[in-house]
Amino acid sequence: MNKKQKIAMTIARIAALILLLLVIAYVFVRIKRDPELATAENIVKLISQNKIIATLEFTVLYLLKGISMVFPSAVINIASGMVFDFPLSAFISGFGIFVEFMVMFLVGRFLGNEYIQTIKTKYPVVEKVDNFQTNNSFFVSFLIRIMGVISYDMASLYLGASGINWLGFIAGSMCGATLNIIVDGLFGKYIFNPFSWQLWAVVGIRLLVIILAIFIRKVIRNKCVTKG
C-alpha cells in the first residue's frame with residue numbers, strides 16, 4: 001500500500017468514524033429525552049417506519065462500520081434483530097452485509113497485492129487458509145467467514161486484494177456469513193427477555209458455531225503441517 005493509498009484510507013476511515021459517532025450521539029440523545037425508546041416495543045421508533053428507507057439506513061450503517069473498522073458486524077446484526085421482526089431482520093442484515101462486502105472487496109482491489117502481505121503478517125492463519133485451497137475462491141471465502149479469524153471488513157479487503165473471482169467471493173462470503181446473521185438477529189430479538197429459553201437457545205447455537213470454527217482451524221493447521 002503506497003503513501004497515497006494510506007492517506008486515502010485514513011481519510012475515509014476518519015470520515016466514516018465521525019459519521020458513526022454522530023449516529024450514536026443521535027440515538028443517545030433520543031433515548032435520554034425519551035427513555036421509553038429503549039424498550040422492545042418502542043425502539044423501532046428510532047428509525048424510519050418505511051421499510052425500504054429503514055433498510056437503506058441500516059445499509060449505510062454497515063458501510064460506515066466497514067470503512068471505519070471500529071466494531072464487528074454482529075453489533076449491527078443484533079441491533080437489526082432488536083428493531084425488526086425475524087426474518088425481516090435477517091434480510092436487512094444480509095442486504096447490508098452484501099453491500100459492505102462488495103464495497104470493501106472493491107477497495108481491496110484498489111489497494112492491490114501489497115496489502116495482502118500486511119494482513120498475512122498480522123493474521124498468519126489467513127495464509128494457511130489461502131494455501132489450503134488457493135484455486136477455489138468460494139471455498140476460501142466461505143472458510144474465512146465461518147472461521148471468524150479476521151473481521152468481515154479486513155477479510156473483504158484481503159480477498160479483494162488477492163484478485164480472486166468476484167462471484168466465488170460473494171457467494172462464499174454470504175454463505176459463510178448467513179449463520180451469524182441469523183443467530184445475531186435472533187439474539188437481538190430476545191435480548192429484552194434475558195430469562196427466556198429462546199435467548200439461551202440462541203446463545204447455545206452461538207457457542208456451537210465457535211466450537212465449529214475452532215475445529216475447522218485445527219483441521220486446516222493439521223492439513224498445512226501434513227503438506228509441509
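Restricted to region 132-142, and to residues that are in contact (Cβ under 8 Å) with a residue 24 or more places away in the chain and closer than 17 Å to Ile116 by Cα, which residue is most open to solvent (accessible area, probe 1.4 Å)? Applying the filter and picking the extreme gives Phe132. Which ones in region 166-209 are closer than 20 Å to Phe58 by Cα and part of a loop (DSSP other than H, G, I, E, B)? Within region 166-209, just Ile191 meets the criteria. The combined condition, being in contact with a Leu (Cβ under 6 Å, 6 or more places away or on another chain), open to solvent by less than 10 Å² (accessible area, probe 1.4 Å), free of Cβ contacts under 8 Å to residues at least 60 places away in the same chain and farther than 24 Å from Val83 by Cα, is not fulfilled by Ala155.
Within region 53-72, being under 12 Å from the mean Cα position of the chain (by Cα) and open to solvent by 30 Å² or more (accessible area, probe 1.4 Å) holds for Leu61, Leu63, Ile67, Met69, Val70, Phe71, Pro72. Residue count for region 73-97 satisfying the condition of being surrounded by fewer than 16 Cβ atoms within 10 Å (Cβ to Cβ) and within 11 Å of the chain's Cα centre (by Cα): 1.
The values are calculated or read from the model by the stated rules, or taken from the named source; none is laboratory data. Bear in mind the structure is a predicted one, so any value in this text is a computation, not a measurement. Please note: Cβ atoms are built from the backbone with ideal geometry, for glycine as well, and neighbour counts cover all protein chains shown. Note: accessible area is taken over every heavy atom of the protein model, side chains too, but ligands, DNA and RNA are not part of it. Shrake-Rupley method; radii C 1.70, N 1.55, O 1.52, S 1.80 Å.
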